[in-house]
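Everything below concerns the one structure shown next.
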Amino acid sequence: MRTEETFLSGILSEDALGRLAKLASAEHSTFSEQVKIAGLNIEKDLQHADLCGIDISRSDLRGFNLTGADLRGITGIEFEVDSSTVLDGADLEGSVLALQVRLDNFFAKNESAARALKNLQRASIVGQLEWAARNLQPSGKYHQIAIPVVEGLLRRSSDNFLKSEFLRYLAPRMGTRAEMKEMLLASIADNPDNAIIVGNAMQLFKRYGMAKDPTLRRMAFALLDSANVGIKGAVLHFLMRNGTTKDEFEFIRSKAYVDKLLGQLFVAKVAAGLGEEYELVTRDPITNQTFAPDAVVRAPTLLLIARRWLRLDWGPDRSDDNVPLLQKRISLHSSWPPDVVERRVADVEELFRQLRTEGIGFDWEALSSANESGRVHVPVAN
């Protein structure tokens with residue numbers, strides 16, 4: 001039987017077949033690493049290449065000649081480019097590189113704008129904000145250069161408050177929707193470990209109707225690998241609250257089972273969408289931490305969850321519907337007839353079964369395994 005490999009061996013050289021084999025085994029390599037594995041010449045072989053929509057995260061593109069390449073919609077974080085990266089004639093529409101190239105070209109041609117940017121960088125936070133607010137208005141003295149100057153300040157500032165204000169000022173004033181998208185993508189790429197800026201940029205994407213933009217969503221998925229729990233939370237919230245497809249949900253779920261922090265955030269997000277009772281039963285009754293999606297809940301812990309639920313239901317806030325379940329004060333009463341406790345345990349188990357249909361695979365021990373006389377707690381961990 002003729003396989004794909006034997007078919008290709010009649011067309012490609014042994015060297016080419018070897019490169020393809022290396023690429024096939026380099027699934028998790030960066031774009032720049034894959035280029036080198038394939039044996040491509042970074043100064044010649046990528047000119048006018050179709051690289052539309054690729055992810056350049058963590059790639060080192062210094063020395064790459066991408067003259068005339070189709071780079072529309074490329075995304076990425078933590079990549080490296082410098083003056084040796086050639087982008088002459090490349091199509092950068094909607095890409096993470098577009099803002100940098102646009103600003104470099106603008107300031108190279110407009111000396112007065114370049115001087116204004118340099119001077120403003122030495123100004124105080126208040127001075128920069130006042131200049132931006134005044135000149136972004138149509139009546140501003142420097143209105144013609146205000147947008148690129150403020151974009152330049154945004155990229156160079158190290159102050160979160162200032163960057164957040166610049167994002168808010170710029171978003172509704174960008175000349176085109178594409179330019180606003182490119183500005184927000186660059187803001188995320190410039191600040192991949194900054195939960196405040198990433199969160200603000202995501203909110204602006206949603207506010208201006210771009211939450212389902214495929215370029216943005218690819219960028220968001222790259223950020224799920226961040227070690228910053230704030231970034232993971234902001235991105236997960238954005239993805240799951242804005243039309244997650246079945247494939248996207250499965251991708252998130254699969255990552256949640258191997259990434260403990262993401263797993264806990266995933267469980268919390270799913271539970272919050274189902275109701276406050278689900279939020280209660282997905283938390284450890286001792287530490288109040290959210291369980292991992294593959295947690296094994298021991299019988300003593302299951303019993304404590306049920307008892308905690310009863311104490312919240314019978315606390316002083318039981319008749320106040322305005323107080324969320326997890327914020328209610330608990331009852332001092334902690335003893336109930338066995339059948340009441342057993343029914344509440346059954347309620348917990350039923351919620352666990354429902355969670356399985358939502359991609360959360362809790363397992364649990366039967367109540368008969370619990371030691372009723374001693375409240376033994378078995379920690380749940382990945």
Using C-alpha positions alone, give me the convex hull volume of the chain per residue in cubic angstrom.
195 Å³
Putting +1 on Lys and Arg Cβ atoms and -1 on Asp and Glu Cβ atoms, find which of Pro293, Ser157, Met219 reaches farthest to the positive end of the dipole of the chain.
Ser157
Using +1 on the beta carbon of Lys and Arg, -1 on that of Asp and Glu, and nothing else charged, what's the dipole of the range 275-369 about the Cα centre, debye to 20?
320 debye
Please list the three semi-axes, largest first and in whole Å, of the ellipsoid equivalent to the range 275-369, using sqrt of 5 times the eigenvalues of its alpha carbon gyration tensor.
21, 16, 11
Need the list of aspartates and glutamates near Lys44 for cross-linking: C-alpha distance under 18 angstrom, and skip anything on the same chain fewer than eight residues off.
Glu33, Asp60, Asp70, Asp82, Asp88, Asp91
To the nearest 10 degrees, the tilt of helix 338-356 (Cα long axis) against the first principal axis of the alpha carbons of the chain is 20 degrees
About its Cα centre, the chain carries a charge dipole, from +1 on Lys and Arg Cβ atoms and -1 on Asp and Glu Cβ atoms, whose size in debye to the nearest 20 is 1300 debye
Taking the Cα centre of each part, how many Å lie between the range 101-178 and the range 32-51?
35 Å
Links that overshoot a 20 Å alpha carbon limit, given the list Lys118/Lys141; Lys163/Lys212; Lys36/Lys181; Lys181/Lys246; Lys246/Lys269
Lys163/Lys212; Lys36/Lys181; Lys181/Lys246
Treating only the Cβ atoms of Lys and Arg (+1) and Asp and Glu (-1) as charged, compute the dipole magnitude of the range 164-205 about its Cα centre; round to the nearest 20 debye.
220 debye
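Each reported figure results from applying straightforward, stated rules to the coordinates on display, with no laboratory input. Remember, it's a predicted structure, so these values are computed and weren't measured experimentally. In this analysis, Cβ positions are derived from the backbone assuming ideal geometry, glycine residues included, and neighbour counts consider all displayed protein chains.
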